[in-house]
Amino acid sequence: MSMNGIDISRWQASINLAAVPCEFVVIKATEGTTYVNPYCNQHFSQGAELGKKLGVYHFAGGGDAAAEAEYFVSNIRGYIGSAVLVLDFELQNMADAVTWAKRWLDRVYELTRVKPLVYLSNYLVNDLDWSAVASSGYPLWNAYYYAYGTPMGYNPEAPLPDRLGAWGRALLYQYTSEGRLEGYGGYLDLDVFYGDPGDWDRYARGEGGSGDQVPPPDPTPQPAIFYRIRPGDTLSGIAARYGTTTAVLAQMNGIANPNRIYAGQVIRIPAGSSNPVQPTYYVVRRGDTLSGIAYRFGTTYQRLMQLNGIRNPNLIYAGQRLRIH
């Protein structure tokens, strides 16, 4: 069995995954030690809500391999256990390319207990000796465009090149950068995954791989539920409503600035908090203002308006019962 999917980066910022047929999506997350794809969380959240199988990748910058690995993990910590992890290695002239890549892969595995895939052009696959990487159980995502200049749709039977270096097989195959799919006006990278959804999940959890076997992740990734942000929501308000903390939500969702969330964004919430805490109510007193009440309870007056169906924030009255959370 195989699955059809795409890989995307900021160049596909406008993509609507609900409109594009794909079984999986691999999203660029980071590059080097200074770049985070600003659309990664948006695309990941949408893909999760749609039930897509997901992956995230780091584009090798060629700096300190361990530092780049740590940067990647710190920015995708909320995805660990639910996404396949990938190193995109395209540095063709690096003298110690294999050593660098293995150091990155080993450090990510050390931090996550998940063995990443390594994305390589077929040229690099065969130009260097990747035995140390392949024998350590890091699967190959092979890139080879068998029909340059030919726009195409999915072709899960795309012919793999005859030589696949130290691996002898590929887990993922990117066979064109000129894919054309319904629902998107530009070119897309098209990929085939040689497995089924259960196989994808096993690789995401760290239970796949070849060579030495990977033990189950330790600790076990925290189960989560998904919540779509509404106008007026704040991360602190959502945290209070679900009995968790702003810091936990920010870490789970790779949110660098807790004050920057947007309506329609889907975030993960610890599954142990699946039953929201009981609503909090407040009875308005003489002299109260909606903004003052909001400040007192760590929320916004817009959120209070939404919760209570208030059209004019200046028209509240003593004795009125307001829902706070």
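The values are calculated or read from the model by the stated rules, or taken from the named source; none is laboratory data. Computed from a predicted structure; not experimentally measured. Methodologically, a virtual Cβ is constructed for each residue, glycine included, from the backbone with ideal geometry; neighbour enumeration extends over all protein chains shown. Areas reflect the complete protein model, heavy atoms only, side chains present, ligands, DNA and RNA absent. Shrake-Rupley method; radii C 1.70, N 1.55, O 1.52, S 1.80 Å.
Points to keep in mind about this one:
- Anchor LYS28: lysines whose Cα lies under 18 Å away (excluding residues fewer than 8 positions away in-chain): LYS52, LYS53, LYS115
- Dipole of segment 1-160 computed with +1 at Lys/Arg Cβ and -1 at Asp/Glu Cβ about the Cα centre; of PRO139, ASN16, HIS58, farthest Cα towards the positive end is ASN16.
- Springs join every pair of Cα atoms under 10 Å in this Gaussian network model of the chain, and among VAL125, VAL26, VAL108 the largest mean-square fluctuation is at VAL125.
- Here the chain carries DSSP beta bridges of which approximately 40% are antiparallel, counting only pairs with both residues inside.
- Over the chain: helical MRE at 222 nm, DSSP H runs n ≥ 4 each giving -39500 (n - 2.57), nearest 500: -7500 deg cm²/dmol
- Surface composition of segment 109-195: carbon and sulfur make up 47 percent of the accessible area, probe 1.4 Å.
- Each principal axis of the Cα cloud of the chain was taken in turn, and the coordinate range along them, longest first, works out to 80, 40, 33 Å.
- Alpha-carbon spread of segment 51-121, three principal axes, descending order, Å: 40, 23, 16
- Antiparallel %, DSSP beta bridges [both residues in segment 1-62], to 5: 15 percent
- Scattering from segment 158-200 was approximated by placing one identical point on each alpha carbon and applying the Debye formula without solvent; log10 I(q)/I(0) at 0.14, 0.24, 0.34 1/Å stands at -0.44, -0.92, -1.14.
- Accessible surface of segment 1-103 [probe 1.4 Å, protein heavy atoms]: carbon and sulfur percent: 46 percent
- Degrees between helix 97-112 axis and first principal axis of the chain (Cα, 0 to 90, nearest 10): 40 degrees
- Overall dimensions of segment 107-202 as given by Cα atoms, namely Rg and Dmax in Å: 14.6, 41
- For the peptides 242-250, 138-146, the ranking by packing is 138-146, 242-250, with the highest mean count of neighbouring Cβ atoms within 10 Å listed first.
- Label zone at SER177 (point 7 Å along Cα-to-Cβ), backbone N below 17 Å, segment 108-130: 119-125
- Between helix 65-76 and the chain: long-axis angle, C-alpha atoms, 0 to 90°, nearest 10: 40 degrees
- Helix 40-50 axis versus longest C-alpha principal axis of the chain: approximately 80°, rounded to the nearest ten.
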